[in-house]
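A.B. asks: Questions regarding the structure given below will be posed in turn.
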Amino acid sequence: MELKEKKTKSIRDIINKFSTVTNKIEIVDRNVNEIIDAFEAGYPTDESDLNLFYIHSLKLRIYVYLSRKRKATLQIEKVSSNALMVNFWFFGSIFDAQEWDQIGIKEEEFTDFSNFLEELYHVYQFKVGGIAFEEDVLNLFSCNETYPNECYRFEKVVPDHFLQKPSNFIEIIWSEKYKKLSHIPYNHIRLDKEGILIKTGSFNE
């Protein structure tokens, strides 16, 4: 997502919009203000050299109500001077894990995650987002650097790269507000608000 304003305001805007998402999102942590303040302050990549980049990162424990109530983690990272990466991390196994109080994903529940991704796009209208196992959207950039890094600037993610290079993503939503797509080598459907859902993989693979 593009970082246009102060970091604190951007984070609060993301969290405040939870109430407009069709799937209920419930925050478990009670010290949200402290967590946001810590994100704003950040911490140096090397405490012995305070002139290095600062990491601005937060994690919130949440529940997301899909067809069943699921534990998840909201992770937000400042990856460049003008871009935020927002992740919703879910337990990805098909088996329940009682020791972690996690439920597995049944085959008929795969569409829950696709629908949730579409709902997030309708609310936040992000430039690019997707569903993957143990991957995040930084893998859609033509950059392999550790963040924060200016190679992850908001304007540097382009579909030419991720449509040509195989990835571990199952689905990707791209906003054609930023670039119209004429040739898409995957099955795809067009969404409201200039979105396009590209099916780059399968939950069963």
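A.B. asks: Could you please let me know if Leu58 is more than 13 Å from Phe116 (Cα to Cα), surrounded by 16 or more Cβ atoms within 10 Å (Cβ to Cβ), at pLDDT 95 or above and hydrophobic (A, V, I, L, M, F, W, C)?
C.D. replies: yes
A.B. asks: Continuing with the same structure: What single numbered condition from (1) part of a helix (DSSP H, G or I); (2) touching a strand residue (DSSP E or B) at 6+ places or on another chain (Cβ under 9 Å) fails to hold for Val123?
C.D. replies: (2)
A.B. asks: Among Thr73, Thr111, which is modelled with pLDDT of 95 or more, surrounded by 12 or more Cβ atoms within 10 Å (Cβ to Cβ) and not in a helix (DSSP H, G or I)?
C.D. replies: Thr73
A.B. asks: From Phe203, Phe141, grab the single residue that is touching a strand residue (DSSP E or B) at 6+ places or on another chain (Cβ under 7 Å) and hydrophobic (A, V, I, L, M, F, W, C).
C.D. replies: So the residue among Phe203, Phe141 that is touching a strand residue (DSSP E or B) at 6+ places or on another chain (Cβ under 7 Å) and hydrophobic (A, V, I, L, M, F, W, C) is Phe203.
A.B. asks: Of (1) touching a residue at least 12 places away in the same chain (Cβ under 8 Å); (2) more than 29 Å from Arg30 (Cβ to Cβ); (3) of a type in the set (S, T, N, Q); (4) assigned to a loop (DSSP other than H, G, I, E, B), Asn144 satisfies all except one. Which?
C.D. replies: Single failed check for Asn144: (1).
A.B. asks: How many residues does segment 162-196 hold that are in contact (Cβ under 8 Å) with a residue 40 or more places away in the chain and not in a strand (DSSP E or B)?
C.D. replies: 5
A.B. asks: Take segment 171-195 and flag every residue that is under 28 Å from Ile94 (Cα atoms) and in contact with a Phe, Trp or Tyr (Cβ under 6 Å, 6 or more places away or on another chain).
C.D. replies: Hit for segment 171-195 is Ile173, nothing else.
A.B. asks: Among residues belonging to segment 88-105 that are in contact with a Lys or Arg (Cβ under 9 Å, 6 or more places away or on another chain) and surrounded by fewer than 16 Cβ atoms within 10 Å (Cβ to Cβ), point out the one that is nearest to Lys17 (Cα to Cα).
C.D. replies: Looking at the filtered set, the residue picked out is Trp89.
A.B. asks: Please pick out the residue among Arg190, Arg153 that is surrounded by 15 or more Cβ atoms within 10 Å (Cβ to Cβ), charged (D, E, K, R) and touching a strand residue (DSSP E or B) at 6+ places or on another chain (Cβ under 6 Å).
C.D. replies: So the residue among Arg190, Arg153 that is surrounded by 15 or more Cβ atoms within 10 Å (Cβ to Cβ), charged (D, E, K, R) and touching a strand residue (DSSP E or B) at 6+ places or on another chain (Cβ under 6 Å) is Arg153.
A.B. asks: Moving on to the next point. Could you check segment 17-35 and list, in sequence order, the residues that are within 18 Å of the chain's Cα centre (by Cα), in contact (Cβ under 8 Å) with a residue 12 or more places away in the chain and part of a helix (DSSP H, G or I)? Even if it seems obvious, please write down each step before you answer.
C.D. replies: We begin by selecting, within segment 17-35, every residue within 18 Å of the chain's Cα centre (by Cα); these are 17-27.
Those still in the list that are in contact (Cβ under 8 Å) with a residue 12 or more places away in the chain too: 17, 20-27.
If the condition is that a residue be within 18 Å of the chain's Cα centre (by Cα), in contact (Cβ under 8 Å) with a residue 12 or more places away in the chain and part of a helix (DSSP H, G or I), then Lys17, Thr20 are the ones that fit.
The values are calculated or read from the model by the stated rules, or taken from the named source; none is laboratory data. Just so you know, these numbers come straight off a predicted model, no measurement behind them. Heads up, the Cβs are rebuilt from the backbone with ideal geometry, glycines too, and the neighbour counts pull from every protein chain shown.
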